[in-house]
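Working notes, beginning with the structure itself.
Here, each number is a calculation from the coordinates, and none is a lab measurement. Note that the structure is a prediction, hence the values are computed from the model and not measured. Here the Cβ is made from the backbone with ideal geometry for all residues, glycine too, and neighbour counts use every protein chain on show.
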């Protein structure tokens, strides 16, 4: 069971360096990431962006991006990364799914890179 309580001051102090380390690991995998203020990291794959001259694609495409949230897990409140998936309805909060302990930065980056992978470009489509 994951805590729905906000991060404590001690937990916030622990997740911030881990979030910065995750951003570095994601960059090493070709992704762009940034730390968000609510205990989260948002990653995106620039290869999933529409071509600069594709106006329709730019208007309709949200691109390839994914958030992971740092939250304490029960019963010991160990910090974990959780996938943040869209809720079933537009106004619902995200549904959180365990990814890995916050200390396993490389594992988290590998999993995020797989989710955001672009296996080929339009130029490679037969």
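When the range 59-78 is filtered for residues that are surrounded by 14 or more Cβ atoms within 10 Å (Cβ to Cβ) and more than 20 Å from residue 39 (Cβ to Cβ), the ones remaining, listed by number, are 63, 64.
The set of residues in the range 79-102 being touching a strand residue (DSSP E or B) at 6+ places or on another chain (Cβ under 7 Å), loosely packed, with under 14 Cβ neighbours inside 10 Å and under 28 Å from residue 17 (Cβ atoms) consists of 85, 95, 97, 98.
Restricted to strands (runs of 3 or more DSSP E) entirely inside the range 28-112, those with at least 2 residues that are touching a residue at least 40 places away in the same chain (Cβ under 8 Å) and either over 17 Å from residue 11 (Cβ atoms) or out of contact with any helix residue (DSSP H, G or I) (no Cβ under 8 Å at 6 or more places or on another chain) (or both) are 40-45, 64-73, 78-85, 95-101.
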